[in-house]
Amino acid sequence: MARSEDTKGPEAIIAFAHNLFEPQERDNGKKQFGCSILYPKGTDINVLKQAAVDAVVAEWGDKAKQWIKDEVIKSPFLDGDGKQAVSKKTGERHVGFAGHTFIRCISGEDYKPKVFDRKRNMIVDKADVPSGSRGIPVVNAFTWENKENGKGVSFGISMLQITRKAEGDEILGGGGGPDPDKFFEKIEDDGPVGDTGGKGAESLFG
């Protein structure tokens, strides 16, 4: 498995935020922390696409760029209007996913993501981060391969800075690590904060 460097993504909408505080059991029996991060379609997320490209090239070499285009490598960038955004339990589309690109981010049971507020104070209560809140994620892309699903690239999440807590209709249902001082600044106003970059990856991941 190859892994990209920790990457600060653009400000995102956070879904399934409770999973950042309480690990959920997956189909394989393992427990994982995580969340989904949503971006309105058309948002510049090339810095995240570049992280994914970096990981697959580190794992499989330059030929992996063509594999991405040929969909040999499963993309982590999912369509909120597609079947990936439909609940397997209810058959209904997850609230707030339509019109967005989303990424499922995970972290192992032993690596709980660190969640901070605008002043870089740690948030420990899931009630302070309802789904639909906005935040700046620090993620890494990593590769995987298995007999059932072939090759793919996914994202892990290590940290998140909440920039705006969801209220009212905005609320959606549903260890060591990098230094927050390296990625996050104290936010004094209400403006969104996020990096752009990774232009070379734009043509690969859609």
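Per residue of the chain, what 222 nm ellipticity follows from adding -39500 (n - 2.57) for every DSSP H run with n ≥ 4, rounded to the nearest 500?
Roughly -3500 deg cm²/dmol at 222 nm, from the helical runs in the chain.
Kindly flag which residue pairs out of LYS151/LYS186; LYS89/LYS147; LYS41/LYS126; LYS8/LYS83 have an alpha-carbon separation exceeding 30 Å in this structure.
Correct reply: LYS151/LYS186.
Go through (1) 44, 40, 34; (2) 70, 52, 32; (3) 51, 43, 38 and flag the label whose value is the computed Cα extents along the principal axes in Å for this structure.
Among (1) 44, 40, 34; (2) 70, 52, 32; (3) 51, 43, 38, the one derived from this structure is (1).
If Lys and Arg each add +1 and Asp and Glu each add -1, what is the summed charge of the other residues whose beta carbon sits under 10 Å from the beta carbon of MET1?
Result for the neighbourhood of MET1: -1.
Expressed as a whole number of Å, what is the distance separating the alpha-carbon centroids of segment 1-42 and segment 60-123?
Each part's Cα centre sits 6 Å from the other's.
Can you put ILE123, ILE73 in order, fewest other beta carbons within 10 Å first?
Sorted ascending by nearby Cβ count, the order is ILE123, ILE73.
Read-outs: derived from the displayed coordinates by stated rules, not from any lab. Predicted model, so just to flag it, every value in this text is computed and none were measured. So basically every Cβ, Gly included, is an ideal-geometry build from the backbone, and we count neighbours across all protein chains shown.
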